[in-house]
Each structure stands twice: as structure tokens, then as C-alpha cells.
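Report on one structure; see the data block that follows.
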Amino acid sequence: MGRGTWSWIVPDGLWEIAEPLIPPSKVRPQGGGTQDTPDETLFAAIIYVLVSGCAWRALPPCFGISKSTAHRRFLIWSRAGVWGRLHEEILHRLNDAGLLDLSRAVLDSAHLRAKKGANSQVRAPWTGASRAPRCTSCRTRTDCPSSSASPRPTPTTASR
């Protein structure tokens, strides 16, 4: 694919690595339907969405497939583990070529259980008063508690 139709989005050799990892399309038992879109085209469309960060609905028409087809195939391939195996295969090839240097690597992980129905009554601890205004118009407004203008009258001082 590197020198083919989709060379502008899929780097040289990536399709050759990915092609054997992609599961074959299922044949409809009842027959009919539309002709199956080539995996190469779907792969290029998916890579385009992943690299560009655009929404599936913004998939350009140059791919000749619908956004739902591309997204559905992405989900099928994700469930089949294609992306993880593709990542591993690329790492193996880089290592075999001596292009992978793990002498300086950073591992980062965070695991925190997200409990449903957590106690929302617990208040954050008070860290002290802040002189910073809480809104951008505080300097001109007299009704804002953070205003640097004259203090707002309270019910006890207003009745005097």
C-alpha cells in the first residue's frame, strides 16, 4: 500500500504488516447485500480518522465508504485485537532492525476504582482565603462578593 492509492495516509510497509492480522470478512448466510469494501480501503480510512483526530462523521468522501462502515469495521477489528497485535508486530520489527532503544523508558500507570454513587456530601478541604477575583468583571461590579469595590450592604447594615 505504501506506493499505492492510499500512500498519502498509510506509511510504506504498514499495510503489508497489518494485512495478515485482519480477520476475514463474514459472509452473509442469507446472501445479498452490497459488495464488500476492500480491507485496504477500510484500513486507510480508519488510519485517517485515528491520525487526524476527526470524527467518524467527518470521514472524507474520497475513501468511497460510509462513516458507519468504517466505524463498524474499526470496532470489529478492535474486538479481534488487530491494533494490539499490529503494535506488537511493529515493535518486533523495530527491535529486529536495531531501531528500538529501551535503555531509557518511562512507564506510567494509574489505577483508581471509580465508585458509582460516591458520597457527594463530602466537601473539599478549605485551603485558605484567596485574594484573586473569582470572575473577570469583579472590579466593576458591586454585587460580586469578590469585588474590590465597596462592600455590599448586608441585611443588618442596610436597615440602620
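The values are calculated or read from the model by the stated rules, or taken from the named source; none is laboratory data. What you are looking at is a predicted structure, and each value in this text was computed from that prediction instead of being measured. No Cβ is skipped: glycine too gets one built from the backbone with ideal geometry, and neighbour counts run over all protein chains shown. With ligands, DNA and RNA removed, areas are computed over all heavy atoms of the protein, side chains included. Shrake-Rupley method; radii C 1.70, N 1.55, O 1.52, S 1.80 Å.
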Simple SL model, points at 7 angstrom along Cα→Cβ for C62 and S7; separation in nm is 1.4 nm
Among Q30, L75, N95, the residue whose Cα sits farthest towards the positive end of the charge dipole of segment 1-99 (+1 at Cβ of Lys and Arg, -1 at Cβ of Asp and Glu, taken about the Cα centre) is Q30
The ³J(HN,Hα) series, computed from each phi in segment 95-109 with the Karplus coefficients 6.51, -1.76 and 1.60 at θ = phi - 60°, rounded to the nearest Hz and given as x for glycine or proline, is 5, 4, 7, x, 9, 10, 10, 9, 5, 10, 10, 10, 10, 9, 8
Whole-Å distance linking the alpha carbon centroid of segment 82-118 with that of segment 1-72 is 24 Å
Scalar couplings 3J(HN,Hα) for segment 13-20 by Karplus 6.51 cos²θ - 1.76 cosθ + 1.60 (θ = phi - 60°), nearest whole Hz, x for Gly and Pro, are x, 5, 5, 5, 6, 7, 3, x
Per the rule of 0.36 nm per residue minus the C-alpha distance, extending D101 to E88 adds in nm 3.2 nm
Heavy-atom accessible area of segment 26-68 with neighbours in place, 1.4 angstrom probe: carbon+sulfur share in percent works out to 53 percent
Using alpha-carbon positions, the gyration tensor of segment 10-67 gives root eigenvalues a ≥ b ≥ c; with a/c under 1.5 called rounded, otherwise prolate if a/b exceeds b/c, else oblate, the class is oblate
Using alpha-carbon positions, the gyration tensor of segment 34-96 gives root eigenvalues a ≥ b ≥ c; with a/c under 1.5 called rounded, otherwise prolate if a/b exceeds b/c, else oblate, the class is prolate
Where a ≥ b ≥ c are root eigenvalues of the Cα gyration tensor, a/c under 1.5 meaning rounded, otherwise prolate if a/b exceeds b/c and oblate otherwise, segment 71-113 counts as oblate
